[in-house]
Structure formats: C-alpha cells, structure tokens
1. Where residues in the stretch 139-173 are surrounded by fewer than 14 Cβ atoms within 10 Å (Cβ to Cβ) and among the small types (G, A, S), which of them is nearest to G58 (Cα to Cα)?
2. Go through (1) assigned to a strand (DSSP E or B); (2) acidic (D, E); (3) closer than 24 Å to R12 by Cβ one by one and return the number of the condition D153 breaks.
3. Hey, any hits in the stretch 73-80 for a residue that's among the polar types (S, T, N, Q), in contact with a helix residue (DSSP H, G or I) (Cβ under 8 Å, 6 or more places away or on another chain), farther than 22 Å from V16 by Cα and at pLDDT 95 or above?
4. Given the options L85, L64, L39, name the one that is within 22 Å of W146 (Cα to Cα), at pLDDT 95 or above, of a type in the set (A, V, I, L, M) and out of contact with any Asp or Glu (no Cβ under 6 Å at 6 or more places or on another chain).
5. Output the qualifying pairs, or none if there are none: Cβ atoms under 7 angstrom, residues six or more apart or on different chains, first residue in the stretch 160-186 and part of a loop (DSSP other than H, G, I, E, B), second residue of a type in the set (S, T, N, Q) and at pLDDT 95 or above.
6. If you go through the stretch 113-145, how many residues are within 13 Å of L100 (Cα to Cα) and in contact with a helix residue (DSSP H, G or I) (Cβ under 7 Å, 6 or more places away or on another chain)?
7. Based on what the data block shows, is A136 surrounded by 14 or more Cβ atoms within 10 Å (Cβ to Cβ), in contact with a strand residue (DSSP E or B) (Cβ under 7 Å, 6 or more places away or on another chain) and part of a strand (DSSP E or B)?
8. For the structure I just gave you, tell me whether V108 is in contact with a Lys or Arg (Cβ under 8 Å, 6 or more places away or on another chain), of a type in the set (V, I, T), farther than 17 Å from T156 by Cβ and surrounded by 18 or more Cβ atoms within 10 Å (Cβ to Cβ).
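The values are calculated or read from the model by the stated rules, or taken from the named source; none is laboratory data. Note that this is a predicted model, so its numbers are computed, not measured. Methodologically, a virtual Cβ is constructed for each residue, glycine included, from the backbone with ideal geometry; neighbour enumeration extends over all protein chains shown.
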Amino acid sequence: MTLVAGPGPGVREVVVTELEMTAPGLLRPGRAPAVEATLVRAGRPAPELSRFFYRAVGGDWYWLDRLDWTYDQWRAWVGSPGHELWSCWVDGVPAGYAELDRQPGGDVELAYFGLLPGFAGLGLGGWLLTRAVERAWQVEGTRRVWVHTCDLDSPTALANYRARGFVPCGTTVEHRDVSAPSPGPWRGSR
C-alpha cells in the first residue's frame, strides 16, 4: 500500500485517526484475558523479531510500508534509542506485540500493536494494550502516549484504544494504492 497524491485506479481514501492519552490516570485497564498470557520484553535489539511481528500481525491489515525494508533498516529501527518491543505469549507461542518509540518532548508512541490471527476474542487486546500503556507511562519524562490507526486496521482497533482512555486528537485523509492484495501474514518474501 503506497501513499499517493489523489484518487485513481486501485486507490482508496483512508481515514487516519491519531489518539492520545495525556496522563497515566486516564488509562482504563482492560479485563484479564481468558487465557494465561505472558509478557516478555526483548532484552536486546531483535530485528528478526520485530519483522516477524510486523508481518504476522499486520499482514491482514495492509501494513505494507516496511515489507521491503532491509535487515539494516530493521536493525536501525529496533536499535534506536527509546525503542522497546514487548511480546505476548500464550501456551509457548507468540500471540501479539507492542512496540514503543520514545520521542523528543516527552512523547511515547505506541508505534505498532496487535495480535496474531487466531488470538482475537480472548481478551488479549485490551490486556496487552493496558500493559503497553502502563509501560509507556513508566518511561521517565513521559508527558503523552499516542497512537494512530486507520480504517484499514482491525475493526476493533479504534474501539480498543478508546476503551483504554485514548481520545482522538486529529484525523487526516490519505489516498493509498491498495490495488495489490494484502500479503497476509504468511505470504511474501522471507
């Protein structure tokens, strides 16, 4: 999916919503998941893990902007100061993840977040989002936690962000070339 200048064949108008939380007390925790889940922080930069989650979670939602990234680009992303990757595991297998990106001025972006196919409906989304936001507020100097989503994302994404206490702070309309089908979590080059 490529950002393009305007309407045309294969181009879809996409509404992007930015949401923010400006105080830790605004977080409304999600319920406990229906399964036992473990949260694990990547203790060192792991480009392969970040790439795996990006493809496995985003494959069904047109997360295409990083599909052609090189290993060096992935390594730079996960090695940047303030980057954290948290993974959720159920029964010894990966179920979802959250990537935090500390930014200047006290912002922490929830840069990537989601569940792998097959783990929806277990209460993991609200629980994992709660844990990620709690961690973002633990980062020294955090003044705002923010995230963006669009109408190509999971239909539950926006509702989950709002249920946890995020409030919309901006919307934009982009034109995206979606003529190529989403690669799905298991398609595309390795």
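1. Among them, the one singled out is A159.
2. (1) is the only condition that D153 fails.
3. Taking the stretch 73-80 as the starting set, the residues that turn out to be among the polar types (S, T, N, Q) are 73, 80.
Restricting the remaining residues to those that are in contact with a helix residue (DSSP H, G or I) (Cβ under 8 Å, 6 or more places away or on another chain) gives none.
Taking every residue of the stretch 73-80 in turn, none turns out to be among the polar types (S, T, N, Q), in contact with a helix residue (DSSP H, G or I) (Cβ under 8 Å, 6 or more places away or on another chain), farther than 22 Å from V16 by Cα and at pLDDT 95 or above.
4. Details: L85 fails: out of contact with any Asp or Glu (no Cβ under 6 Å at 6 or more places or on another chain); L64 fails: at pLDDT 95 or above.
The conditions single out L39.
5. Pairs that qualify, where the first residue is part of a loop (DSSP other than H, G, I, E, B) and the partner is of a type in the set (S, T, N, Q) and at pLDDT 95 or above, are R164/T130.
6. 7
7. Values: surrounded by 14 or more Cβ atoms within 10 Å (Cβ to Cβ): yes; in contact with a strand residue (DSSP E or B) (Cβ under 7 Å, 6 or more places away or on another chain): yes; part of a strand (DSSP E or B): no.
No; evaluated as a whole, the condition is false for this residue.
8. Numbers: in contact with a Lys or Arg (Cβ under 8 Å, 6 or more places away or on another chain): yes; of a type in the set (V, I, T): yes; farther than 17 Å from T156 by Cβ: yes; surrounded by 18 or more Cβ atoms within 10 Å (Cβ to Cβ): yes.
For V108, the condition - in contact with a Lys or Arg (Cβ under 8 Å, 6 or more places away or on another chain), of a type in the set (V, I, T), farther than 17 Å from T156 by Cβ and surrounded by 18 or more Cβ atoms within 10 Å (Cβ to Cβ) - is met.
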